[in-house]
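To start, the structure under review is shown below, and the notes come after it.
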Amino acid sequence: GQQVQQSPASLVLQEGENAELQCNFSSTATQLQWFYQSPGGSLVSLLSNPSGTKHTGRLTSTTVTKERRSSLHISSSQTTDSGTYLCAIVPNSGTYQRFGTGTKLQVVP
Amino acid sequence: EAAVTQSPRNKVAVTGGKVTLSCNQTNNHNNMYWYRQDTGHGLRLIHYSYGAGSTEKGDIPDGYKASRPSQENFSLILELATPSQTSVYFCASGDALGEDTQYFGPGTRLLVL
């Protein structure tokens, strides 16, 4: 089964609203990363957060390792935030990343 | 900024034909990866490499081979392409296996007819 599950699958926001994206994983993880994929397909790493809370710009990630979940909060969303957000983990038993299927975010003016 | 390039960017192949996808990185990263991305499946790892001369199987290696002739280059080879291999393929590189920030190439769209 899917080791990394993300919700919601899609989300539409008005510009200025906040977004909360969820990532749940079925095995304990040594690493967790959030990625952004643009509508054109390019992929970039946003932040790495295996545990605790981490901030970068308008992004805040909170990972609760024992509960096998992570969230990505986007504050004051902008139309340029539109795209797909991917969560990826490295399981304790593994040596490479497993990706979720992503949350597709659309921010409208 | 890490630079990962892929070629070709688009490819149409015939069933049974041989396809080679190439990836080049200029940041001296030890690790390189090949993924495919399909609707409903997200990114899935096909093969990866720790360095020149090494290739390892990922989650879905069947029907694919990989080659890492140098630190900079990592190829994905489909010896006998099938329509089920129609997908978007991404190459990535990074410093430490599984623990690094991965830098992705722009992707290759492959259509197998």
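The values are calculated or read from the model by the stated rules, or taken from the named source; none is laboratory data. Source: prediction; values computed, not measured. Every residue, glycine as well, gets a Cβ built from its backbone with ideal geometry; the counts of neighbours run over all protein chains shown. These accessible areas exclude ligands, DNA and RNA; they are computed on the full protein's heavy atoms, side chains included. Shrake-Rupley method; radii C 1.70, N 1.55, O 1.52, S 1.80 Å.
Side notes on the structure shown:
- Accessible-area composition of the stretch B:4-112, carbon plus sulfur, in percent [1.4 Å probe]: 48
- The fraction of accessible area contributed by carbon and sulfur in the stretch A:4-108 is 48 percent, rounded to a whole number (1.4 Å probe; ligands and nucleic acids excluded).
- The Rg/Rh ratio of chain A, with both radii computed over alpha carbons and Rh defined as the Kirkwood radius, is 0.96.
- Note on exposure: B:Arg109, A:Arg69, B:Arg68 ranked by accessible area (1.4 Å probe, complete protein assembly) read B:Arg109, A:Arg69, B:Arg68, with the most exposed listed first.
- The A-B contact accounts for roughly 1500 square angstrom of buried accessible surface, both chains included, probe 1.4 angstrom.
- A:Ser7 paired with B:Thr39, simple spin-label distance in nm, labels 7 Å along Cα-to-beta-carbon: 2.3
- For the stretch A:33-50, a reduction of at least 50 Å² in accessible area between the chain on its own and the assembled protein chains (probe 1.4 Å) is found at A:Leu43.
- Whether chain B is rounded, prolate or oblate, judged on the alpha carbon gyration tensor where a/c under 1.5 counts as rounded: prolate
- Remark: spin-label model distance B:Leu111-B:Thr82 equals 2.2 nm, labels positioned 7 Å along the Cα→Cβ axis.
- For the stretch A:66-109, a decrease in accessible area of 40 Å² or greater in the assembled protein chains relative to the isolated chain, with a 1.4 Å probe, applies to A:Thr95, A:Tyr96, A:Gln97, A:Phe99, A:Thr101.
- Per residue, the average separation of C-alpha pairs within less than 8 Å and at least 6 apart gives chain A a relative contact order of 38 percent.
- Shown for the stretch B:28-55: residues covered by the partner protein chains by 50 Å² or more of accessible area relative to the chain by itself (probe radius 1.4 Å), namely B:Leu43.
- What chain B shows is 45 Å² of accessible area per residue, with the surface traced by a 1.4 Å probe over protein heavy atoms.
- Rounded accessible area of B:Val112 (nearest 10 Å², 1.4 Å probe): 10
- Across the stretch B:1-66, the relative contact order, built from alpha-carbon pairs under 8 Å that are at least six residues apart, equals 22 percent.
- Taking a point 7 Å from the Cα of B:Lys18 along the Cα-to-Cβ direction, the residues of the stretch B:56-77 with backbone N closer than 17 Å to it are B:63-69, B:75-77.
- Residue-count net charge about B:Arg109 - beta-carbon cut-off 10 Å; Lys, Arg +1, Asp, Glu -1: +2
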